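First the structure, in the form of C-alpha cells, and then the observations on it.
What follows is calculated from the coordinates using simple rules that are stated; it is not laboratory data. No experiment lies behind these values; they were computed from the predicted model shown. Virtual Cβ from ideal backbone geometry, glycine too; neighbours counted across all protein chains shown.
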C-alpha cells in the first residue's frame, strides 16, 4: 500500500513505508495534511456530524522558491490533491462527533502531544495528583505498544482508556478521531470534568489529525534542541500552549531558552509558553491555570 505525504508547499506524493504498513479492518483511505499526511484505514467510520475544516489550496510553483532542496520530484496533479483533501474529511467528521460527545457531557478535552521522552506521562501524573479531589479527570492513553504509561496513571486518573495503535490499528504513529471515538466507549463521560488525551510520541503525525479535543498543547523537553520549532513547524503551529519541561536539567545543559522561544514565535507568535519541571513541581500551577480556567480558585500545589 502506498503512503501519501504532503509538504509545506502543499504538494503530495506517494511511497511505501515498509514496516509502517497497517490495516484497520475497513477500506483504506488516504490523508494529506501538514508535514506528514499519509494513507491508512480507520476502525470506526460511523460518525455522521460533519466538521467544517477548510484545507488550504496547493500553492503555485512560483510561491515555493523559499523551500530548501529539490521538491520537483514531488509534483502532483491538482486532481490528486483534491481527492486526498476530500478523503481527509472523514477524520474531521469523526472529530466533530467526538467534540459533540464531550460537549454533551460538559467535559473539556485536551490533546497533549510531544516527542518520545519529553515527559508527557510524568507531567500527567503530577497533574492528576494535583487535581485529585477537585477535578474528575479521565485519560485516553495512546501508545503503539504496551500498557506501561496507562498503568502508571491508573489510580491517579478517575478513568483510563488505553489505545494500542499497534494492536488492530496497525502501528500508527498518532491517534486520529476514529481511534479516540473507540476509546470513548471505555469512558463514562458523564462522570468526568476533563479528558486528557496523551497522544503517541511523535513531532509530526499527531499535529495533523483533529481528534475532537477542545484545546491542544505540546510538551517540549529542554534536551531536544532549540531548533525544533523550525524543523517541525506544523506541530508548534497548531497548539495553544507549549510546555517547556525538564527545566531542572538546565544547569547541566548548554541550552538557550530565549533562542528556543524566538524560534517558536516565528511559527506561532500566540502560543502560551509555560516552563515546568514535572519532577520538582516547578511551574505546575502555571500549567494547571492554563489547563483548568479558574484553577487558582479551585486549588493550588503551592505549599
*Can you put 254, 89, 188 in order, fewest other beta carbons within 10 Å first?*
254, 188, 89
*Using r as the Cβ-Cβ distance of residue 266 and residue 151, and R0 as 25 Å, what FRET efficiency do you calculate, to the nearest 0.05?*
0.05
_Estimated distance in nm for a label pair at residue 237 and residue 273, the labels positioned 7 Å out from Cα along Cα-to-Cβ_ = 2.0
*asked:* I need the calculated FRET efficiency for the pair residue 129 and residue 248, taking r as the beta carbon distance and R₀ as 22 Å, to the nearest 0.05.
replied: 0.80
*What is the calculated FRET efficiency for residue 280 to residue 103, with r their C-beta to C-beta distance and R₀ = 45 Å, to the nearest 0.05?*
0.80
*asked:* Modelling each spin label as a point 7 Å along the Cα-to-Cβ direction, I'd like the residue 259/residue 215 distance in nm, to one decimal.
replied: 3.1
